[in-house]
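To start, the structure under review is shown below, and the notes come after it.
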Amino acid sequence: MSIRVLPEQLIHQIAAGEVVERPASVLKELIENSLDAGATQIDIDIEEGGMRRCRVIDNGCGIPRDELTLALARHATSKIGSIEDLERVGTLGFRGEALPSIASVSRMRVVSRTPASDIGYAVSADNGAFSEPAPSPHPVGTSIDVSDLFFNVPARRKFLRSERTEQQHLLRMIERLALSRFEVGFKVTSNRRELASYPAAKRLSDRQQRVAQIMGDEFVAQSLLIEHEAVGCKLWGWLGLPTCARGNADLQYFYLNGRALRDRILMNAVRMGYQDVLFHGRHPAYLLFLEIDPAQVDVNAHPAKLEVRFRDGRLIHDFVFRTIERVLRDTRAGASSAQTAPTQIERILDSPANTSVNASMFWPSRGPMEPPVQHAFGLRESKAAATQIREAVVSSGIEYAGDSMLRQDQAPLGYAIAQLHGVYILSQAPDGLILVDMHAAHERTTYERMKAALQTGPVASQPLLVPIVVNVSAADADLAEEHAELFARTGLTVERSGPAGVRIRSVPALLQQLDPIELLRTLLAELREHGATRGIEEALNEVLGTIACHGAVRANRLLSIPEMNALLREMERTVRSDQCNHGRPTWTYVSMTDLDRLFLRGR
């Protein structure tokens, strides 16, 4: 074939392949235009999963009559006008490709009215042909009706899934956009049936209600509301507690200046912030919003704009990582006992399907009544237990207020009253009962003590009898030479041995079992990708975690009341003590209200 210019319609259809993958892609572009137009209410109506029809109605600023046809022209936009505007994009769309691309593979009708006009105007597009604007009644705002998607591109239509699948993709897309703009109301209908409704949320309580509606009540109950601003950046949102981690990454939402992202730098920063508190193979849940100067980020680096390019990626990475790490580090056992998530008891009692309660809902049947276990306090031991508690409290210098009521307001985790099966500590706390996994709790407190000791002094280094020469690329050799001082502070001595080689002279003493070459290559890979590395620190922490795990008290080891109380006090002072090094919870709380409802007291 000879070289020739492609037909205009074919150019639009090829461009549509980059923008329009399925009905959800169409909806995303239309809603983002409505948000850029300042809409405060967006109504979406779909038919057959959006394949037959997808209509978006907003109350935004509208499009003037003489610009309606131009809005359907390729590369026509009101959002940028110069290279300076492109360098600080503050809108969700800006390239002017969405509407003409969608119009080239569907039948489209656009009706709009501006506040300065007494009547609306409509234009239609069918297979690339546009009509002239015609008067049409319409409130202030814009409605765009897209029907028969891919009617003229049958090969693309074959790749669409079932109506149910496409509708699910649509609803997930709307949820992501609804989480990005709390001040905007969204309503979704299909065949005159309401599928979802998210009223505008300006107050914090209303925002939390929308978050719970999309991400679940449990996420809101087990998350921390954070807000931190520094170095020209602001990070706010909801950070799920480590105990709220999930088996997959389906509850992870990150927005940059209102734009949804799946950016590698940001995802890595969040992962590192959670690295010391998550169970292996688990994924954190979060809803985070990062706000920075638009001039500091290039949003035109990815076809779907899911990834961006930062002017100073290392600064942004460290800000996000340090903020999340600090928030999670400051969670201490007992600090949130009055605001814990609904317990299993509360969830079952609140279920409308359960009108009566019996013990089998919570504990499996054990057949004939069994005697109490040896290490749980029965009636015979109650007097001795009270004596031990009294002695422990008095010896700690806290005023003792009688056997029936201790001054527990001075101890968030209360005071130990028993050890159950040699595994759990039972503690009487203000208005409730606290159960502590003594191994998990001791593991965390030991681990944090060792980490603190390691950070206050230099890392012990083990010189190698024969230095190891590693062949790397010239770029990696430059990195190793540039960061040699950083490596040395963590016990790894590295020097350049040639244009494309480095020499390892010593390794951290605690990491002698690791392959030094593999360790160095991992560190250099992190420096290449993120501009920073915590590989040595992570490896050291893993070793310390193993030491702490093996050194923690084991199951079936009997502890005295003073020993149990000492562990509870240590938990209250230790950072991240809500979970052990592997991410398992160290304690749980059952309120007196839960217990009263379980036993039907007051009914």
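Read-outs throughout are calculated quantities, based only on the coordinates presented, and are distinct from any laboratory measurement. Source: prediction; values computed, not measured. We place every Cβ from the backbone using ideal geometry, glycine too, and count neighbours over all the protein chains shown.
Nearest 0.05, what FRET efficiency do Glu572 and Ala301 give at R0 = 41 Å with Cβ-Cβ as r? Show your work: numbers first, answer last.
On the way: r = 47 Å, r/R0 = 1.14.
Between Glu572 and Ala301 the formula returns 0.30.
Trypsin sites (Lys or Arg not before Pro) within the stretch 102-181: which are DSSP loop residues with at most 11 other Cβ atoms inside 10 Å?
Counting only loop positions with at most 11 other Cβ atoms within 10 Å, the trypsin sites (Lys or Arg not before Pro) in the stretch 102-181 are Lys158.
Around Ala125, under 14 Å between beta carbons, what's the net of Lys plus Arg minus Asp minus Glu among the other residues? If you can, show how the numbers build up before the last one.
Numbers: positive: Arg74, Arg107, Arg109; negative: Glu8, Asp126, Glu132, Asp145, Asp148.
Charge balance near Ala125 sits at -2.
Computed from label points 7 Å out along Cα-Cβ, the spacing between Asp431 and Arg314 is 5.0 nm. At an R0 of 56 angstrom, the distance between the Cβ atoms of Gln41 and Ser473 translates into a FRET efficiency of 0.50. Going through the cross-link list Lys28/Lys305; Lys187/Lys234; Lys79/Lys202, which pairs have a Cα-Cα distance over 20 Å in this structure? Among Lys28/Lys305; Lys187/Lys234; Lys79/Lys202, the Cα-Cα distance tops 20 Å for Lys187/Lys234; Lys79/Lys202.
Just add up the charged neighbours of Arg282: K/R +1, D/E -1, any other residue whose Cβ is under 14 Å from the Cβ of Arg282.
+1
Taking every alpha-carbon pair under 8 Å whose residues sit at least 6 apart, the stretch 416-526 reaches a relative contact order of 21 percent. Working note: Karplus 6.51/-1.76/1.60 with θ = phi - 60° gives the stretch 210-217 the couplings 5, 4, 5, 5, 9, 9, x, 4 Hz, where Gly and Pro are set to x. Simple spin-label estimate for Glu495 and Glu538 gives 3.0 nm between the two label positions (7 Å along the Cα-to-Cβ direction from each Cα). A cut-off under 10 angstrom between Cβ atoms defines the neighbours of Phe150, and their net charge, with Lys, Arg +1 and Asp, Glu -1, is +3.
Evaluate E = 1/(1 + (r/R0)^6) for Ala155 and Leu6, where r is the Cβ-Cβ distance and R0 equals 25 Å; express this FRET efficiency to the nearest 0.05. Working shown, then result.
Numbers: r = 17 Å, r/R0 = 0.69.
Here the calculated transfer efficiency is 0.90.
Taking every C-alpha pair closer than 8 Å and separated by at least 6 residues, the mean separation divided by the residue count of the stretch 216-329 gives a relative contact order of 31 percent. Label positions at Glu291 and Glu21, each projected 7 Å from the Cα along the C-beta direction, are separated by 3.0 nm.
In terms of Cα atoms, the Rg and Dmax of the stretch 8-198 work out to 15.8, 46 Å. Across the stretch 90-103, computed HN-Hα scalar couplings (Karplus, 6.51 cos²θ - 1.76 cosθ + 1.60, θ = phi - 60°) run x, 10, 6, x, 6, 8, x, 9, 5, 4, x, 5, 5, 5 Hz from first to last residue, x flagging Gly and Pro.
Pairs of Cα atoms nearer than 8 Å and 6+ residues apart set the relative contact order; for the stretch 392-603 it is 28 percent.
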